[in-house]
Amino acid sequence: MASLGEVLDGKSICICAGSGGVGKTTTSAAIATGMAAQGLKVCVLTIDPAKRLADSLGLDELGNEARRVDPALIEEQGVEMKGELWAMMLDAKATFDELIARQAPDEESRDRVLNNRIYQQISSALAGSQEYMAMEKLFELHTEGGFDLLVLDTPPTRNALDFLEAPKRLTQFIEGKSMRMFMKPTGLAAKVTGRGVSVALGIFKKIVGFDLIADLAEFFNAFSGMVDGFQARAKRVNKLLADPETLFLVVCGPQGEPIDEAVYFHRKLVEAKLPFGGVIVNKVHYPADELQAEVDDLPAALTEKLGDANLAKRVADNFADYQALAERDARNIDHLAGELRTSCVIRVPYLDEDVHDLRGLMEIDRYLFATAEERVEMAAGRA
Amino acid sequence: MASCGLEIPLRGYSYGTSLFLPPPEIARNQPIPDLLDKRLVIVTGKGGVGKTTVAVALGLRAASEGKRTIVCEVSSQENASRIFDHASVGFHEVEMEENLWSISIDPDESMREYVLLQLKVRAMRDMLFRSRIFNYLAAATPGLKELVTIGKIWELAQLDRKVKSGRKYDLVIVDAPATGHGVGFLQTPRTFAAIARVGPIHSQAETLDRFITDHENTGTAIVALPEEMPVNESMALEKDLRDEVGVAVDRVYLNGLYPERFKKGEAEALAQLAETENGASRAAARAALSEFGRAKSQRQQLSRLKKGVEAPVKTLPFLFEPELDVASARKLAGKLG
């Protein structure tokens, strides 16, 4: 079994992907903290951390730029901080605006885009723009930030596919090649396109309302000077994602549905030829395998020890419920490991308390960065 | 064409979307009919909190009360079909149980159906569907997919269905996209009405917005988990739904609440047992202590949630079951308040 430290060795980008509600933000923060403690300069890019997590990192004003976490806060937890931990919360709209400012040939073009209503829609509302901007920021920090490792907490897409296709979809939209041609009110394009097209366009305009089409035309015109820059940049972002120094980790939970989504997401990564590194399963109920044989006479044994048959029965019932969940988790994780054919499956137990502060992150790091032997010990509940 | 568009004072809309969204009329403090007496109930919340299970449970409950109910999914993941252990239903109204139907609303199919209803001339429809430019425009228009999806939800909730020989439903339940995407999703009609200022979509988008923000007929239920982050997010979500979207928030369901199996004194005895014993007794004592600790912290989250939201908070128990199926949803249906 490969450990997380091993798979991350020599990597400069770690992308945590998975469906919503599986603990991606927490996992990303824990990975970043652990790697920073080992001596790297690490930045975690997160989307929406719990307020208390941000507070505990001393980052009450998480803006759209990286901020350093005070090392004293981590050392207070009894962990030596050999490197640097930085964090930032992604603001997709601000990142998009910055990108426009960067790509625009002049101020007038920049303002035309920023003031366009279609742009305002896609920069804040269109599904996929948040994903695209997360990767854009990642690219910017990678080329200019001077970090050893960047950990990206991806936005919670319900459909894992969206995340991988976002850059392509958005650049295609911005390019709008065929569309721009049809929207020129006059000119050669209007003459060479057939009657069918103009009728189709006419019907479409009739359905959605004239001014929307005009806004789109305005949008593409405003963007026309930036298309090449966008394309070039998107190409470099895509190249970065496929780079051997990049690693994708799939984060999931132990229930059937998140496990199925993890399998699906892994398949998409492989199809896209992106570097998959391993899977982290959160909130696992650890089974107590070697105890199974004793369970039959547990109520009797407990009654003897507790002197309370009613309490003993409740303790035994509760234990049986936990064991059932633990068996399900073990079954699901076996299935997952088989489907993914990976040696890197890291289980983080369902801890007794919610994780929303540095203490919790350190607790998670114990499991994330455990060696194979340590993990065996932990699984048996002895560590 | 250009002259039509340039009449719009583009600069008036420069600073974010909120400026050009007309403020929703919020009928605060007015008595609202009970949740299942509405025509549309939108189930929303953070990812992974059990929205689909709650949506199905609400559906089962309404169906058992004799209401003809349909549960709509909008993410094409078919989680509801999975709960019913039914094959994927796709863009069809499929009967799952007596009085209970399910549909997975695909935006492309909704768009197609919408166009069919709009264009009565067959030749025009055929040409439109054959035309690549149409698909391209439909895909590139921001929010159009969301709009036609909401349009389909609206259509399902009409007593006078637009679709030929469409079944009449008493109640439509929507398993909405996760928070974040969810608020944007519900705002689509208003945003769209502002973008397309004329034409059929403009007036239809306004109809949809009125429908969603009609507190008499449309309600929402937020699903939360008794943990720090989901509780925070639910409080923020309620505020956004009320103030930004303008919908009625009728319930907050706190899902997955552990039972309080042990008392404090008992936990102390168990802690001692966990220290002194080995083997199964120790493992069982530790599991009981975990349960005790979680049940306690969950109750703290519950009281935090109750203080933080205006809507009534109802709890749903954690089910110690390997996978949630229709039997689990039925158990929850009986406990819905």
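List the helices (runs of 4 or more DSSP H) that sit entirely inside region A:1-94 and contain at least 1 residues that are modelled with pLDDT of 90 or more and touching a Pro at 6+ places or on another chain (Cβ under 9 Å). It would help to see each step written out before you state the result.
Working: elements: A:4-8, A:24-37, A:51-56, A:71-75.
Hits in region A:1-94: A:24-37.
Within region A:298-314, is even one residue closer than 30 Å to A:Thr371 by Cα and not small (Gly, Ala, Ser)?
Restricting attention to region A:298-314, the residues satisfying the condition of being closer than 30 Å to A:Thr371 by Cα are none.
There is no residue in region A:298-314 that is closer than 30 Å to A:Thr371 by Cα and not small (Gly, Ala, Ser).
B:Lys145: modelled with pLDDT of 80 or more, surrounded by fewer than 22 Cβ atoms within 10 Å (Cβ to Cβ) and within 10 Å of chain A (Cβ to nearest Cβ), yes or no? Reasoning before the result, please.
Values: modelled with pLDDT of 80 or more: yes; surrounded by fewer than 22 Cβ atoms within 10 Å (Cβ to Cβ): yes; within 10 Å of chain A (Cβ to nearest Cβ): yes.
In short, yes.
Assess whether B:Gly182 counts as being in a helix (DSSP H, G or I), small (Gly, Ala, Ser), within 12 Å of the chain's Cα centre (by Cα) and crowded, with 24+ Cβ neighbours inside 10 Å. Even if it seems obvious, please write down each step before you answer.
On the way: in a helix (DSSP H, G or I): yes; small (Gly, Ala, Ser): yes; within 12 Å of the chain's Cα centre (by Cα): yes; crowded, with 24+ Cβ neighbours inside 10 Å: yes.
Here the answer is yes, as B:Gly182 does meet what is asked.
Pairs only if they're at least six apart or on different chains, beta carbon under 9 angstrom, first in region A:307-322 and among the basic types (Lys, Arg), second in a helix (DSSP H, G or I); list them, first residue then second.
A:Lys313/A:Pro299; A:Lys313/A:Leu302; A:Lys313/A:Thr303; A:Arg314/B:Glu266; A:Arg314/B:Ala288
Exactly one of (1) of a type in the set (D, E, K, R); (2) at the interface with chain A (Cβ under 7 Å from one of its Cβ atoms); (3) touching a residue at least 40 places away in the same chain (Cβ under 8 Å) is unmet by B:Arg261. Its number?
(3)
Hey, does region B:267-290 have a residue that's in contact with a strand residue (DSSP E or B) (Cβ under 9 Å, 6 or more places away or on another chain) and assigned to a helix (DSSP H, G or I)?
Checked against the condition, which is being in contact with a strand residue (DSSP E or B) (Cβ under 9 Å, 6 or more places away or on another chain) and assigned to a helix (DSSP H, G or I), region B:267-290 yields no hits at all.
From the set of residues in region B:152-171 that are open to solvent by 20 Å² or more (accessible area, probe 1.4 Å) and within 19 Å of the chain's Cα centre (by Cα), which is farthest from the other protein chains (Cβ to nearest Cβ)?
Across region B:152-171, the extreme among qualifying residues is B:Asp170.
It is to be established whether one or more residues within region A:96-116 are of a type in the set (Lys, Arg), within 29 Å of the chain's Cα centre (by Cα) and crowded, with 16+ Cβ neighbours inside 10 Å. Walk me through it before giving the result.
Narrowing region A:96-116 to residues of a type in the set (Lys, Arg): A:102, A:110, A:112.
This time we only want the ones that are within 29 Å of the chain's Cα centre (by Cα), so: A:102.
Adding the requirement that they be crowded, with 16+ Cβ neighbours inside 10 Å leaves none.
Checking region A:96-116: not a single residue is of a type in the set (Lys, Arg), within 29 Å of the chain's Cα centre (by Cα) and crowded, with 16+ Cβ neighbours inside 10 Å.
Can you give me the number of residues within region B:302-337 that are among the polar types (S, T, N, Q) and open to solvent by 20 Å² or more (accessible area, probe 1.4 Å)?
Going through region B:302-337, the residues among the polar types (S, T, N, Q) turn out to be B:303, B:315, B:328.
With open to solvent by 20 Å² or more (accessible area, probe 1.4 Å) added as a condition, the list becomes B:303, B:315.
The number of residues fulfilling the criteria is 2.
Give me a count of the residues in region B:74-126 that are at pLDDT below 85, on the phi > 0 side of the Ramachandran plot, of a type outside the set (Asp, Glu) and open to solvent by less than 60 Å² (accessible area, probe 1.4 Å).
Result for region B:74-126: 0.
With the condition kept exactly as written, say whether any residue in region B:220-240 is assigned to a strand (DSSP E or B), open to solvent by less than 10 Å² (accessible area, probe 1.4 Å) and more than 15 Å from B:Pro312 (Cα to Cα).
Of all residues in region B:220-240, those assigned to a strand (DSSP E or B) come to B:220-224.
From the residues that got through so far, the ones that are open to solvent by less than 10 Å² (accessible area, probe 1.4 Å) too are B:220-224.
Imposing the further condition that a residue be more than 15 Å from B:Pro312 (Cα to Cα) reduces the set to none.
Checked against the condition, which is being assigned to a strand (DSSP E or B), open to solvent by less than 10 Å² (accessible area, probe 1.4 Å) and more than 15 Å from B:Pro312 (Cα to Cα), region B:220-240 yields no hits at all.
The values are calculated or read from the model by the stated rules, or taken from the named source; none is laboratory data. These figures come from a predicted structure and were not determined experimentally. A quick note on method: Cβ atoms are made from the backbone with ideal geometry, for glycine too, and the neighbour counts reach across all protein chains shown. Accessible surface is based on the protein model in full, side chains and every heavy atom, while ligands, DNA and RNA are left aside. Shrake-Rupley method; radii C 1.70, N 1.55, O 1.52, S 1.80 Å.
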